[in-house]
Amino acid sequence: MTRDELLSRISIDPQVCFGKPCIRGRRIWVSLVLDLLSGGMKQEEIMKEYDLQEADVLACIAYGAEMSRMVTAQHRTRYRYMTESLVFNFCRVKIC
């Protein structure tokens with residue numbers, strides 16, 4: 001299954017689960033699945049406990065990875081803007 005196919009299993013709807021990312025049609029938060037995995041629960045246990053398919057769990061992991069990439073990109077953009085702004089202001093002060 002491709003990353004896009006996995007991500008299509010995740011939905012964000014303001015009318016469902018308070019707008020939090022959840023498994024499409026299941027009302028199970030992505031963050032819950034990720035918390036369970038990070039807490040040491042096995043994928044098979046989660047699948048059995050919440051009646052999920054393997055692709056659902058993988059979709060949660062893919063979503064978490066995608067969000068991590070987005071946050072990293074945002075931080076890079078902010079850092080670059082701050083650096084350019086500082087350099088510009090420093091040069092402007094020195095010239096005047």
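The values are calculated or read from the model by the stated rules, or taken from the named source; none is laboratory data. Since the model is a prediction, treat every value here as computed from it, not as a measurement. Virtual Cβ from ideal backbone geometry, glycine too; neighbours counted across all protein chains shown.
Those residues that are more than 15 Å from the chain's Cα centre (by Cα) and either over 13 Å from A59 (Cβ atoms) or surrounded by 14 or more Cβ atoms within 10 Å (Cβ to Cβ) (or both), I need them from the range 8-27; list them, please. Answer for the range 8-27, where residues must be more than 15 Å from the chain's Cα centre (by Cα) and either over 13 Å from A59 (Cβ atoms) or surrounded by 14 or more Cβ atoms within 10 Å (Cβ to Cβ) (or both): D13, P14, Q15, V16, C17, F18, R24, R26, R27. Scanning the range 23-65 for residues that are among the polar types (S, T, N, Q), out of contact with any Asp or Glu (no Cβ under 8 Å at 6 or more places or on another chain) and more than 18 Å from I12 (Cα to Cα) yields S38, Q53.
I'd like to check something: does the range 48-56 contain any residue that is among the aromatic types (F, W, Y), assigned to a helix (DSSP H, G or I) and either at pLDDT below 95 or surrounded by fewer than 14 Cβ atoms within 10 Å (Cβ to Cβ) (or both)? No, every residue in the range 48-56 fails to be among the aromatic types (F, W, Y), assigned to a helix (DSSP H, G or I) and either at pLDDT below 95 or surrounded by fewer than 14 Cβ atoms within 10 Å (Cβ to Cβ) (or both).
Would you point out which residue out of D35, D4 is at pLDDT below 95, within 23 Å of R69 (Cβ to Cβ) and not basic (K, R)? Before you say what the answer is, go through the steps one by one.
Details: D35 fails: at pLDDT below 95.
Every option except D4 fails the conditions.
Filtering the range 4-37 to residues that are assigned to a strand (DSSP E or B) and closer than 19 Å to A55 by Cβ leaves I10, S11, C22, I23, W29.
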